[in-house]
Amino acid sequence: ANTTEIFTEATQALARGAPTEAIDRLELLADRGFVHPDASFNRGLAYLARARSSGARPGDHGRAVASFREALLLRPDDASARRLLDDVRQELARKQARSGSSQHVETPIPSRALVGLLHENTWAALALMFSATTAVGFGLRLRRRTQSPWSSGALAGAILVGVGVLGLGVTGTATAIAQSLRKNTQLAVVVAPDARLLDERGRPLDRPPLLEGTEIHLTTLDGPLARIERSADEVWVRRSDI
C-alpha cells in the first residue's frame, strides 16, 4: 500500500474506534520515513484514545506526548495539538500523583533556558533589528562629525550605536546558541513508565527516574544508550525508554 492508502486506513480506524489498528498503520508510515504534522497529530490521537481505553498499554501517554510534540514542531500554530498535549500532561500528572511516583526533575542548561525564552527566528529577527539600529547610529555619527559631539544628531547617533551594539551582542549570541542547540541536540520524550538514569557504561545511578512524558534533550546516541544534555555530570538513558 502507498502512503496515502496507509494514512487513509489509519484515519478510518480512528473514526471507528480502533486505536491500535490506527497506531500500527501510523507507525508503519513513520518507519517508512513519512513526516507530516497530520500524521503526528493522528498518531497522538490514537495513543491517547488507547490510553483512555480498557486496552491501555504502558507508555501510551508518553507516546501521545511525543506525537503531539512532534506535530507542534512541524506546525507550531496547531492549537488543537497544543491543547491535547496539555490534556495528556495533566492526565499523566494525575496518574503519577496517584501512584506516588518520585520524579527526577531535569533543569535546562543555562544557555537553553536563555534561548528558550524566544523562538530562534525571533532572536534572529531581533539581531537584524539591532544591527540596523547600529548602522543608523553610525550613519548619524558620520553625518554629524563636523559638529559638536554634544549636538542633538551626534548624541542620538551615539545612543543608537550603544543600544544597537548591546542588543546585537545579546540577540546575536542567543541566535548562535539556538542554532547550535538545534543542530547538535535532539528533543526526546520518555515513553516508558519511567526511565532509569545511567552512567556511560549503562549502570543505574542512585537517582529517581525520569517519568513518562518527560521532555529531555539528547546530545549523543551510542548503541542502546543516549546521553542527556546537562551542564554538570554525564547522564545517560536507554534509547528504548525514549
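A 1.4 Å probe, protein heavy atoms only, puts the accessible area of Asp77 near 130 Å². With a Förster radius of 45 Å, plug the Cβ-Cβ distance of Leu166 and Asp24 into 1/(1 + (r/R0)^6) and report the FRET value to the nearest 0.05. The pair Leu166/Asp24 has a calculated efficiency of 0.25. Think of a 1.4 Å ball rolled over the protein heavy atoms: the chain then has 56 Å² of accessible area per residue.
Protein-only accessible surface at a 1.4 angstrom probe places the residues His61, His217, His36 in the order His36, His217, His61, largest first.
Can you sort Leu118, Leu72 by 1.4 Å-probe accessible area, starting with the largest?
Leu118, Leu72
Between the listed residues Leu48, Ile216, Pro58, the Cα displaced farthest toward the positive end of the dipole of the chain, a dipole computed from Cβ unit charges relative to the Cα centre, is found at Ile216. Hey, if you put +1 on the Cβ of every Lys and Arg and -1 on every Asp and Glu Cβ in the chain, which of Val189, Thr175, Ala18 ends up farthest toward the positive end of that dipole? Highest projection toward the positive end goes to Thr175.
Output the relative contact order of the chain, whole-number percent, from Cα pairs under 8 angstrom with separation of 6+ residues.
16
Ligands, DNA and RNA left out, the accessible area of the chain computed with a 1.4 Å probe is 55% carbon and sulfur.
Protein-only accessible surface at a 1.4 angstrom probe places the residues Val189, Val136 in the order Val136, Val189, largest first.
When the helices of the chain are scored as -39500 (n - 2.57) per DSSP H run of n ≥ 4 and the total is divided over every residue, the value at 222 nm lands at -19500 deg cm²/dmol.
The values are calculated or read from the model by the stated rules, or taken from the named source; none is laboratory data. Not measured: the values here are computed from a predicted model. Neighbour counts are summed over all protein chains in view; Cβ atoms, including those assigned to glycine, are modelled from backbone coordinates with ideal geometry. We work out accessible area using only protein heavy atoms, side chains counted, and drop any ligands, DNA or RNA first. Shrake-Rupley method; radii C 1.70, N 1.55, O 1.52, S 1.80 Å.
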